[in-house]
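One structure is given here, and the rest of the page talks about it.
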Amino acid sequence: ANSLVNPLTALGMLETIQRGKHPAVIQTAAVSQLGWMMVRLCRDAGIPLVNVVRREEQAESLRAAGATHVMDSSRPDFEDALETLARELGATIALDAVAGPMTGTLLAAMPEGAEVVVYGALSYEACSGLDPIELIFQQKRVRGFFLGAWAESLGFLRLMRIVKKSQALMAEGTLRTNVARRIPLADLREGLLDYTRHLSEGKAILRLGE
């Protein structure tokens with residue numbers, strides 16, 4: 001159930017980072033299951049990763065797991081601190097699962113020529129806060145990432161190699177997915193409501209045989 005979308009998306013993100021020769025990366029929703037995968041992939045690839053979360057307890061869980069750069073977006077000094085760290089590390093790409101004002105915040109924090117790759121909309125808002133001066137004169141940009149389009153661009157043989165790599169990384173635990181709850185079909189409504197209140201804890205699996 002967890003062997004396709006997130007693992008391949010994480011590898012697609014890593015390929016995008018490496019192909020663009022980005023020295024460092026920022027990611028939002030860092031305690032999502034995809035976020036944890038990026039933490040492990042970037043660590044193994046030696047790529048500095050700035051992890052943005054919404055609450056201090058989420059930041060603590062990442063630090064406890066060995067993440068070096070963790071930022072809590074609820075802090076009043078978040079934007080200034082993010083810009084300072086992004087420019088120190090040379091972060092020129094951000095992976096944004098939130099959208100809304102966060103997209104503009106990420107773009108503003110990074111140096112000239114940087115890009116924000118939007119792959120989610122957890123804020124349920126349109127991307128905003130984009131300064132046209134940065135887009136025009138600093139050549140920054142915002143674009144989307146869709147797994148299907150990325151996979152199609154690879155060609156069949158290259159895609160199969162990446163799928164094989166994904167399977168190997170899942171087997172060794174690098175691309176593991178935490179399953180927080182298993183929901184019997186009879187408890188679907190209550191189980192999904194509970195899941196939506198604890199999204200960062202892990203995925204929910206629906207058990208159709210019960």
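The values are calculated or read from the model by the stated rules, or taken from the named source; none is laboratory data. This is a predicted model, so every value here is computed, not measured. When we count neighbours, we look across all protein chains shown, and the Cβ atoms used for this are built from the backbone with ideal geometry, even at glycine. Keep in mind that these areas ignore ligands, DNA and RNA; they rest on the heavy atoms of the full protein, side chains included. Shrake-Rupley method; radii C 1.70, N 1.55, O 1.52, S 1.80 Å.
Extension gain, Phe156 to Asn2, is 53.3 nm, computed as 0.36 nm per intervening residue step minus the present C-alpha separation. Here the range 159-210 yields Rg over Rh of 1.14, to two decimals, using C-alpha coordinates and the Kirkwood radius. Max-minus-min Cα coordinates of the range 70-123 on each principal axis give 28, 27, 16 Å, with the largest extent listed first. Note on the range 70-89 and the range 11-47: Cα centroid distance 18 Å, given to the nearest whole angstrom. Of the residues Ser61, Ala1, Met71, the one whose Cα sits farthest toward the positive end of the charge dipole of the range 1-104, with +1 on the Cβ of Lys and Arg and -1 on the Cβ of Asp and Glu, is Ala1. A Cα-only calculation for the chain places Rg and Dmax at 17.6, 59 Å. How much of the calculated P(r) for the range 8-128 lies past 23 Å, in percent of all Cα pairs? The answer is 19 percent, as a whole percent. Label point of Glu201 set 7 angstrom out along Cα-Cβ; within the range 24-68, amide nitrogens under 19 Å from it belong to 30-36, 54-62. Taking the Cβ of Leu193 as the center, what net charge do the other residues with Cβ under 12 Å away carry, scoring Lys and Arg +1 and Asp and Glu -1? Charge balance near Leu193 sits at 0. Computed from Cα positions, the angle between helix 156-172 and the longest principal axis of the chain comes to roughly 70 degrees.
Across the range 156-198, the residues whose backbone nitrogen lies under 13 Å from the label position 7 Å along the beta-carbon direction of Leu122 are 197-198. Note that the range 55-210 presents 59 Å² accessible area per residue, ligands and nucleic acids not counted, probe 1.4 Å.
Compared with the direct C-alpha span, the chain from Leu208 to Arg43 gains 55.7 nm at full extension, assuming 0.36 nm per residue. Translational diffusion coefficient of the range 83-186 (Stokes-Einstein, Kirkwood radius from Cα pairs, 37 °C, 0.692 mPa s): 201 µm²/s. Compared with the dominant principal axis of the Cα atoms in the chain, helix 188-197 is inclined by about 30°.
Among the protein heavy atoms of the range 82-191, carbon and sulfur supply 58% of the accessible surface, probe 1.4 Å, non-protein parts ignored. Against the empirical 2.2 N^0.38 Å (N residues), the range 20-78 has a Cα radius of gyration ratio of 1.06. With contributions of -39500 (n - 2.57) from each DSSP H run of at least four residues, the per-residue ellipticity at 222 nm computed over the chain stands at -14500 deg cm²/dmol. Looking at the range 136-191, the pairs of alpha carbons with a distance over 19 Å make up 63% of the total. In this label model, Leu135 and Val179 are separated by 4.4 nm, measuring between points 7 Å along each Cα→Cβ vector.
What do you get for the angle between helix 33-45 and the principal long axis of the chain? Use alpha-carbon atoms, 0 to 90 degrees, nearest ten. The angle comes out near 60 degrees. Loop-located GluC sites (Glu not before Pro) in the range 1-81 (DSSP state other than H, G, I, E, B) with a sparse environment of at most 10 neighbouring Cβ atoms within 10 Å are absent.
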